[in-house]
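Undergrad: Quick one: the structure is below, and I'll ask about it shortly.
The values are calculated or read from the model by the stated rules, or taken from the named source; none is laboratory data. Model, not experiment: these values are computed from the prediction. FYI the Cβ positions are ideal-geometry reconstructions off the backbone, even for glycines, and counts take in every protein chain you see. For accessibility, only protein heavy atoms count, side chains too; no ligands or nucleic acids. Shrake-Rupley method; radii C 1.70, N 1.55, O 1.52, S 1.80 Å.
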Amino acid sequence: MSVFDKAKDKAEQAIGAAKEKLGEKTDNQDLANSGRADQTEGQVKETGHDLRDRAEGGVQDLKDKFNK
């Protein structure tokens with residue numbers, strides 16, 4: 001995963017956490033729920049990027065073995 005992708009995912013999670021807290025403080029359930037959804041979306045994206053990177057690493061390992 002590129003550093004940029006990781007930063008975007010973490011930023012989305014942080015913004016979601018802030019929205020959730022603000023929604024809870026102001027008794028705005030829609031905002032709190034939106035914040036939770038943003039956090040979950042950021043976590044899912046981060047996990048997806050991690051899985052993609054692992055798969056690419058595995059493919060590269062196989063290529064290296066066959067090239068030897």
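Undergrad: Taking the Cα atoms only, what angle lies between the long axis of helix 29-67 and the longest principal axis of the chain, rounded to 10 degrees?
TA: The helix 29-67 is inclined about 0 degrees to the chain.
Undergrad: Here is a follow-up. So, with +1 on the Cβ of K and R and -1 on the Cβ of D and E, and no other charges, what is the size of the charge dipole of the chain about its Cα centre, to the nearest 20 debye?
TA: Values: 13 positive and 15 negative charges, 63 e Å.
Charge dipole, the chain, about its Cα centre: 300 debye, nearest 20.
Undergrad: What's the long-distance tail for the chain, i.e. % of Cα pairs beyond 14 Å? Let's see the in-between values first.
TA: Details: 1469 of 2278 pairs.
Percentage above 14 Å: 64.
Undergrad: Along the positive direction of the dipole of the chain (beta-carbon charges: Lys, Arg +1; Asp, Glu -1; about the Cα centre), which of 60, 3, 14 reaches farthest?
TA: 60
Undergrad: Ignoring any ligand, DNA or RNA, what whole percent of the accessible area of the stretch 1-65 comes from carbon and sulfur when the probe is 1.4 angstrom? Could you put the intermediate results ahead of the total?
TA: Values: 2620 of 4600 Å².
Its accessible area is 57 percent carbon and sulfur atoms.
Undergrad: Return one whole number: the accessible area per residue of the chain in Å², for a 1.4 Å probe. Walk me through the intermediate numbers first.
TA: Values: 5100 Å² over 68 residues.
Result: 75 Å² per residue.
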